[in-house]
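> Starting off with a structure, shown below.
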Amino acid sequence: MGREFLLPDLGEGLTEAEIVAWLVAPGDTIVIDQAVVEVESAKSIVELPSPYGGVVASLFGEPGQIIHAGQVLLTVADAATAMDVPDVPDVPDVPDVPDVPVAAATAATPSEGSGAVLVGYGTTESTRPASTVPAGRFGRTGTPSETHVFPADVAALPAPTLPVAAAQTTPTASVMTGVLHPARRSPVVSPIVRRLARDNGFDASMLAGTGQNNLVLRTDVDDYIRDLTARPAPARATPARNAAQPADVSADIRIPITGLRKAVSARLTTSRQEIPEATIWLDVDATALFTARDQLLTATGERFSVTALIARFVVAGLRQFPLLNSSVDTASQEILQHGAVNLGIAAQTSRGLMVPVIHDAHAMTTRQLRDSLAELVAHSPDGTFPPSALTGGTFTLNNFGSLGVDGSAAIINHPEAAILGIGRMIERAWVVDHALAVRTVVELSMVFDHRVCDGKTAAGFLTYVARCIENPVSLLADL
């Protein structure tokens, strides 16, 4: 009898996710805790492990389809009976996609538990193998030199066999790149590649990739888009138009608000509707900050970014003005002042605006804070942050100067009480000792919740951070 793996509760109130890619196919033998599907929620892209072992009987949903918590993702049949059950759905043959032999794998007995933490499935001691399962991400079989060892208590089961002709099938010249095939399911790893294809109206997995094992690369998507735009438009009857009417009339495009964009829209809307915000800003001479950065490099041999140093000043400022490290509990009509400083860093990613969080920033040294910030920056291009890194923020720092602007009246990241923005740092004429000089100047913009504090507190925090930027040595007095 088949067991159903339902989409689990993804936490943080997330009730839906989009299927990005299947990591297994019907007929594959899987073990407990093997990753079987990659899904994209409003928070992040994650691989979900199966709580059951056995043979994959059927998959529910296609890449790009939205599924809701509690819906069936796949069914798993007991491996001992799967060999005798003829109703396991067959995968339709695709002429121009090479057949891949089903790999032999070991399956856990039904009585064993999953080591993965899935809400609704419980957790026990993990039986997940340390190495990749042979029937893995792309469904290929490992070579003899890639033998995988599983725990001794996992019973070995025979793998389903295929005809020799099918097992020896190899890619041929008939597999054409740059051509969409509706039944093709080529592996696509990069979220950027999937997003690029989706934005241009097609599914990247329908292309025959040029990478290893037909992996779809960005160049494959770019080539298809280039060919698509170069093709002549199909001839069709057009209504007569006035001579004054322009020949090229652009059509409207509807872009669905889903996934991350949907979550961001809801949060920003709530922020605007609920928070009575006020904005203050200040131009600051940052010349000494760059000098301090260079001195740190000379003294330690390590590089510290300007953003990391400002983050250090922000954390110190929040300890001086803790009311800004708060949120408002509208149900109880109370201001919740947080003990820990969990510093959010606004990041522009391929998935959109995200705010990963450096937890317990108040307990970090400047070096630790720098390293944590660098780790977030490394994940920013594709937005592959773990879900835990996107929750629990108490204050947000936004370096929008990287976008080439001086300032912004930013929207507070609800339910936080304030956000500090850093503009671009450029050389300007500045008065120093009653004389004009060329200095590196930055504009700081701060938006705060007027329910939490008045302008005096916000201005005190902003001028404190400004003094630290203008004279970094002054921070020593508060350490």
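> Can you tell me which residues in the range 190-231 are in contact (Cβ under 8 Å) with a residue 40 or more places away in the chain and assigned to a loop (DSSP other than H, G, I, E, B)?
Within the range 190-231, Ser190, Asp203, Ala208, Leu215 qualify.
> So, one more: In a helix (DSSP H, G or I) and of a type in the set (Val, Ile, Thr): does that describe Thr457? Write out each step before concluding.
Numbers: in a helix (DSSP H, G or I): yes; of a type in the set (Val, Ile, Thr): yes.
So Thr457 fits the description; yes.
> Taking interchain pairs and intrachain pairs at least six residues apart, which have beta carbon atoms under 9 angstrom, with the first residue in the range 425-438 and closer than 21 Å to Ser402 by Cα and the second surrounded by 10 or more Cβ atoms within 10 Å (Cβ to Cβ) and aromatic (Phe, Trp, Tyr)?
Met425/Phe290
> Here is a follow-up. Which of the residues that make up the range 416-444 are within 21 Å of Ala311 (Cβ to Cβ) and either in contact with a Ser or Thr (Cβ under 6 Å, 6 or more places away or on another chain) or among the acidic types (Asp, Glu) (or both)?
If the condition is that a residue be within 21 Å of Ala311 (Cβ to Cβ) and either in contact with a Ser or Thr (Cβ under 6 Å, 6 or more places away or on another chain) or among the acidic types (Asp, Glu) (or both), then Glu416, Ala417, Ile419, Gly421, Met425, Thr440, Glu443 are the ones that fit.
> Which condition breaks for Ile335 when tested against (1) touching a strand residue (DSSP E or B) at 6+ places or on another chain (Cβ under 8 Å); (2) surrounded by fewer than 16 Cβ atoms within 10 Å (Cβ to Cβ); (3) closer than 19 Å to Ile469 by Cα?
With (1) touching a strand residue (DSSP E or B) at 6+ places or on another chain (Cβ under 8 Å); (2) surrounded by fewer than 16 Cβ atoms within 10 Å (Cβ to Cβ); (3) closer than 19 Å to Ile469 by Cα applied to Ile335, the lone miss is (3).
> Right, next: Among the residues of the range 428-448, is there at least one that is outside any strand (DSSP E or B) and closer than 17 Å to Val314 by Cα? Walk me through how you get there before you give the answer.
Taking the range 428-448 and keeping what is outside any strand (DSSP E or B), we get 433-434.
This time we only want the ones that are closer than 17 Å to Val314 by Cα, so: none.
No, the range 428-448 contains no residue that is outside any strand (DSSP E or B) and closer than 17 Å to Val314 by Cα.
> In the set Ala308, Ala347, which member is within 20 Å of the chain's Cα centre (by Cα) and closer than 30 Å to Ile192 by Cα?
On the way: Ala308 fails: within 20 Å of the chain's Cα centre (by Cα).
Exactly one residue qualifies, and that residue is Ala347.
> Here's a follow-up. Would you kindly identify the strands (runs of 3 or more DSSP E) lying entirely within the range 313-407 that contain at least 1 residues that are modelled with pLDDT of 95 or more and hydroxyl-bearing (Ser, Thr, Tyr)? Explain how you work it out, then say what you get.
On the way: elements: 326-329, 334-337, 343-345, 347-349, 352-354, 395-398.
Because the criterion is at least 1 residues that are modelled with pLDDT of 95 or more and hydroxyl-bearing (Ser, Thr, Tyr), the strands (runs of 3 or more DSSP E) in the range 313-407 that meet it are 326-329, 395-398.
> Which numbered condition trips up Ser474, out of (1) in contact with a helix residue (DSSP H, G or I) (Cβ under 7 Å, 6 or more places away or on another chain); (2) at pLDDT 95 or above; (3) assigned to a helix (DSSP H, G or I)?
Going through the list (1) in contact with a helix residue (DSSP H, G or I) (Cβ under 7 Å, 6 or more places away or on another chain); (2) at pLDDT 95 or above; (3) assigned to a helix (DSSP H, G or I), Ser474 breaks only (2).
> In the range 212-231, how many are within 10 Å of Ser186 (Cα to Cα) and either surrounded by 15 or more Cβ atoms within 10 Å (Cβ to Cβ) or in contact with a strand residue (DSSP E or B) (Cβ under 9 Å, 6 or more places away or on another chain) (or both)? Step through it out loud before you land on a result.
Initially, the range 212-231 is screened for residues within 10 Å of Ser186 (Cα to Cα), giving 213-216.
Applying the additional criterion that residues be either surrounded by 15 or more Cβ atoms within 10 Å (Cβ to Cβ) or in contact with a strand residue (DSSP E or B) (Cβ under 9 Å, 6 or more places away or on another chain) (or both) yields 214-216.
Final tally of qualifying residues: 3.
> Tell me which residues, restricted to the range 408-427, are assigned to a loop (DSSP other than H, G, I, E, B) and within 18 Å of Ile280 (Cβ to Cβ). So that I can check it myself, show each step before the final result.
Step one: of the range 408-427, the residues assigned to a loop (DSSP other than H, G, I, E, B) are 408-415, 417, 423-425.
Those that are assigned to a loop (DSSP other than H, G, I, E, B) and within 18 Å of Ile280 (Cβ to Cβ): Ser408, Ala409, Ala410, Ile411, Ile412, Asn413, Ala417, Gly423.
Here is a yes/no grid of residues against (1) within 20 Å of Ser408 (Cβ to Cβ); (2) in contact (Cβ under 8 Å) with a residue 40 or more places away in the chain; (3) not aromatic (Phe, Trp, Tyr):
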{"site": "Ile345", "(1), (2), (3)": "yes, yes, yes"}
{"site": "Thr349", "(1), (2), (3)": "yes, no, yes"}
{"site": "Gly352", "(1), (2), (3)": "yes, yes, yes"}
{"site": "Pro356", "(1), (2), (3)": "yes, no, yes"}
{"site": "Arg367", "(1), (2), (3)": "no, yes, yes"}
{"site": "Glu375", "(1), (2), (3)": "no, no, yes"}
{"site": "His379", "(1), (2), (3)": "no, no, yes"}
{"site": "Leu390", "(1), (2), (3)": "no, yes, yes"}
{"site": "Phe395", "(1), (2), (3)": "yes, yes, no"}
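> Could you tell me whether Met364 is under 28 Å from Ser190 (Cβ atoms), in the same structural domain as Ala389 (by TED's automatic domain parsing) and not aromatic (Phe, Trp, Tyr)?
Details: under 28 Å from Ser190 (Cβ atoms): no; in the same structural domain as Ala389 (by TED's automatic domain parsing): yes; not aromatic (Phe, Trp, Tyr): yes.
The answer is no for Met364.
The values are calculated or read from the model by the stated rules, or taken from the named source; none is laboratory data. As the structure is a computational prediction, the values presented were derived from the model and not from experiment. Quick reminder, even Gly has a Cβ in these numbers, built from the backbone with ideal geometry, and neighbours come from all protein chains shown.
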